[in-house]
Amino acid sequence: MKYKNFYIENYGCQMNISDSDIITSILLNHGFILSENLDKANIILLNACSIREKAELTLKKRLEQLKFLKKKKKIWIGIIGCFSKEITKFFWNKKMVDFFIPPDSYREIPNFIYYSIMGMQYLSYTKKKNETYADISFVKTKQNNKKITSFLSITRGCNNMCTFCIVPFTRGRERSSDPDSIIKECKHLYQNGYKEVTLLGQNVDSYLWIEEKNIVDFSKLLDLLAKEIPMMRIRFSTSNPHDMSNKVLEVISKHKNICKHIHLPVQSGSNKILKLMNRKYTREEYLFLVKKIQSIIPECSISHDIMTGFCNENEQDHQDTINLMNEIKYNYGYMFSYSPRPGTYAYRKLKDNVPKHIKKKRLQEIIDLQRKHSFYRMQEHLGRVEEVLIEGESKKNNQYWYGRNTQNLIVVFPKKFLNIGDYAHVKIKDTTSATLIGELFI
Ligand code: 5AD
Ligand code: SF4
């Protein structure tokens, strides 16, 4: 085949990055060639994200740029991953995109490419509810040659139906991968030079595999992995507060190679808003869970997702969120202002009635507050000696290594002799709100 160089651009979360690895493996196995840059490619895949309006606008802008490239040379463009129906309609009518492939149809990508080269515009509606891609093994390419950390999806889809969220519509119902395939893949990654794996799922704590009398839940999966690959660092994301069990916390505290960090999106500190969001926990239950984490795993860092300006959020609800943040003092977090997503319950049934400027003001307030809390939490590390897995050179200073400690906090320190993939013991001497700065402790 003449046209077989592909290039993937990512527009989403860690799950999309992991999906790009799956797609790369599928295409390499079908004789396609991964291009190092866009200019050399004939097939351009945009791994889309629709979670917020902003992500879709970015995708639209990118396609406007690619339109010019399409006029200059023969290229085929595919939108893959989490795209909404609106995006499909918009680009289908403009005839700018050659094919659309949702997350459960990646195995069809080679066919879609052939069809579009033959001049057809194609859209897959296939919904393979059990697809986990468990049999598809990661392929080491030139591009990821130096990487020592990897993502691995253990569940796909989501059953939670939070009223604001498009994910259950774009990624479908939740399903878990076979634990044997997960262990096998983690071993494969380790043998290929990877030192850390992040297990991914929209809601990893609801991981469940049942086969005859063998039941593997998330705590058991973590325990199995930690024992089978003791030299591999294990992380996971995301935890839904509603599903996190004591057993999981105990397993995390028991194994040194399971990292002490939990990403625990709260979304809001107001019970009224949590209910409107269909988040299935109350502020009090969430705070109780945080206390439990802190008592079972005292060194655990906790991060969050918070959304401002959801439907009917008033100043008191916003203050409830601020108070909750003050009570917990998270290590870090991701903050957004609400944007209605077509098709969701909130879009259909609730009013997006918080004015834009108020959403923006509230968002800025929580961002500023989080920066203070992050700085406060970073101070706790001063003077400690911490184990850091070296991931690369610091972007700001190539005389420094960059890595992360068990709490998923970034640590930089002068290089001396170690290498990428080594563990360093670093004494923390200084901090900003985002970075720990230290020196090798020998
Ligand atoms: N608007 C803004 N933020 C959203 N998120 C999910 N849906 C929306 C939306 N419609 C945020 C949530 C979620 C994170 C991944 O993205 O905080 O936890
Ligand atoms: Fe969306 Fe809620 Fe599922 Fe997270 S848990 S992916 S916010 S529906």
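Remarks
- Ranking by accessible area, most exposed first, for Met118, Met307 with a 1.4 Å probe: Met118, Met307
- At a probe radius of 1.4 angstrom, the accessible area of the chain per residue rounds to 47 square angstrom.
- Ser105, Ser433, ranked by accessible area, largest first (probe 1.4 Å): Ser433, Ser105
- What the Cβ-Cβ distance of Asp39 and Asn397 gives, at R0 = 22 Å and to the nearest 0.05, is a FRET efficiency of 0.10.
- Using the Stokes-Einstein relation with a Kirkwood hydrodynamic radius computed over Cα pairs, the translational diffusion coefficient of the range 385-440 at 4 °C and a viscosity of 1.567 mPa s comes to 121 µm²/s.
- When the residues Phe164, Phe91 are ordered by accessible surface, computed with a 1.4 Å probe over the protein chains alone, the sequence from largest down reads Phe164, Phe91.
- With kT/(6 pi eta Rh) evaluated at 4 °C and eta = 1.567 mPa s, and Rh the Kirkwood radius from Cα pairs, the range 149-379 diffuses with a coefficient of 69 µm²/s according to Stokes-Einstein.
- Shape analysis of the range 5-117 yields a ratio of the Cα radius of gyration to the Kirkwood radius, Rg/Rh, of 0.92.
- Contact order relative to length of the chain, as percent, for alpha carbon pairs under 8 angstrom and 6 or more apart: 10 percent
- Rounded D (µm²/s) - the range 179-260, Kirkwood Rh over Cα pairs, Stokes-Einstein at 4 °C, 1.567 mPa s: 100 µm²/s
- Neighbour net charge for Ile8 - beta-carbon separation under 10 angstrom, K R +1, D E -1: -3
- Per-residue 3J(HN,Hα) values for the range 334-344, derived from phi via the Karplus relation 6.51 cos²θ - 1.76 cosθ + 1.60 with θ = phi - 60°, read 10, 10, 9, 9, 5, 10, x, 10, x, x, 6 Hz in sequence order (x marks Gly and Pro).
- Counting 0.36 nm for each residue step from Gln319 to Leu69 and taking away their Cα separation leaves a gain of 85.1 nm.
- Cα convex hull, the range 32-186: 135 Å³ per residue, rounded to a whole number.
- Around Ser206: net Lys/Arg minus Asp/Glu count, Cβ-Cβ under 15 Å: +4
- Antiparallel beta bridges, as assigned by DSSP with both residues in the range 385-440, represent about 85 percent of the total such bridges.
- Per residue, the average separation of C-alpha pairs within less than 8 Å and at least 6 apart gives the range 172-263 a relative contact order of 31 percent.
- Two-decimal Rg to Rh for the chain - Kirkwood Rh, Cα set: 0.96
- Distance between the pseudo-spin-label points of Asn145 and Met120 (7 Å out from Cα toward the beta carbon): 3.9 nm.
- Phi angles across the range 427-442 convert, under the Karplus curve 6.51 cos²θ - 1.76 cosθ + 1.60 with θ = phi - 60°, into 3J(HN,Hα) values of 8, 7, 10, 8, 8, 10, 6, 10, 9, 9, 10, x, 9, 4, 10, 10 Hz, Gly and Pro given as x.
- What a 1.4 Å probe finds exposed on the chain is 53% carbon and sulfur by accessible area, rounded to a whole percent.
- Met161 - accessible surface, heavy atoms, 1.4 Å probe, Å² rounded to 10: 80 Å²
- Exposure of Phe288 as accessible area (Å², to 10), given a probe of 1.4 Å and all protein chains: 130 Å²
- Gain upon complete extension [Asn29, Lys349; 0.36 nm per residue less C-alpha separation]: 110.6 nm
- Cysteines in the chain that, by Cβ-Cβ distance, have no pairing candidate under 4.7 Å: Cys13, Cys49, Cys82, Cys158, Cys186, Cys259, Cys300, Cys311
- Farthest positive-ward along the chain dipole, Cα basis, beta-carbon charges - from Asn353, Ser181, Leu369: Asn353
- Residues Asn326 and Asn93, FRET efficiency given R0 of 60 Å [Cβ-Cβ distance, rounded to 0.05]: 0.75
- Ellipticity estimate at 222 nm from DSSP helix runs (n ≥ 4, -39,500 (n - 2.57)) divided over the chain, nearest 500: -11000 deg cm²/dmol
The values are calculated or read from the model by the stated rules, or taken from the named source; none is laboratory data. Predicted, not measured: the structure shown is a model, and the values here were computed from it. All Cβ positions, even for glycine, are placed from backbone atoms using ideal geometry, and neighbour counts span all protein chains on display. Side chains are part of the model used for accessible areas, which takes the heavy atoms of the whole protein and leaves out ligands, DNA and RNA. Shrake-Rupley method; radii C 1.70, N 1.55, O 1.52, S 1.80 Å.
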